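Worksheet: one structure, shown below.
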Amino acid sequence: MERTFVMVKPDAVARSLTGEIISRMENKGLKIVALKMVKISEEIAKRHYEEHNEKPFFSSMVSYMTSRPVVVLVVEGVGAVKVVRKLVGATDPKEADSGTIRGDFAIDIGRNVIHASDSIASAEREIGLYFAKDEIIKYSRVDENCLYE
């Protein structure tokens, strides 16, 4: 099993899309092994998006990400990083396919409703920013034998 990090961004929380987004992941067969609502500090936002710190949008992105609560999750499943990225859709919602989370719920890249780790290494780093090891729960879904060979 692979784990990945997902964040329901402030715009999606404000629009009451959290349940719909989580449902799509669970309906796909992914398992939510950690979940909480947080108000991100400026320090954590800067660390989370540190690869963008030289870009012109960095300051406004940090400001936005700290403006309202977000919901952070650890999602588990076979190939979870790739599966979640496919569910999420292209970063720019104008390029995201209909049926993806961004394709269905977003229109502007600056308010694209969701973040999902782009690699296992990113997932591990991002999970560590928001969750202690003891906050990640190990359990089995009752339908796992229907999901996996």
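Since every read-out is calculated from the coordinates, none of them should be taken as a lab result. Just so we're clear, the structure is a prediction, and the values are computed from it rather than from any experiment. Cβ placement follows ideal geometry from the backbone for every residue including glycine, while neighbour counts extend to all protein chains displayed.
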**Prompt:** Two-decimal Rg/Rh of region 87-149 from alpha-carbon positions, Kirkwood Rh?
**Reply:** 1.09
**Item:** Whichever lysines have a C-alpha closer than 17 Å to that of LYS82, once near sequence neighbours (fewer than 8 apart) are set aside
**Value:** LYS28, LYS31
**Contact order normalised by residue count of region 78-133, Cα under 8 Å, 6+ apart, percent** = 29 percent
**Request:** Choose one answer from GLU54, GLU43, GLU76: the residue with the largest mean-square fluctuation in a GNM of the chain with alpha-carbon springs under 10 Å.
**Result:** GLU54
**Prompt:** Given the convex hull of the Cα atoms of the chain, what is a quarter of its surface area in nm²?
**Reply:** 8.8 nm²
**Item:** Protection proxy ranking of 106-119, 9-22 - average other beta-carbon atoms within 10 Å, highest first
**Value:** 106-119, 9-22
**Fill in**
Exposure-ranked with fewest Cβ neighbours within 10 Å first, TYR64, TYR130, TYR139, TYR148 stand as TYR139, TYR148, TYR64, TYR130
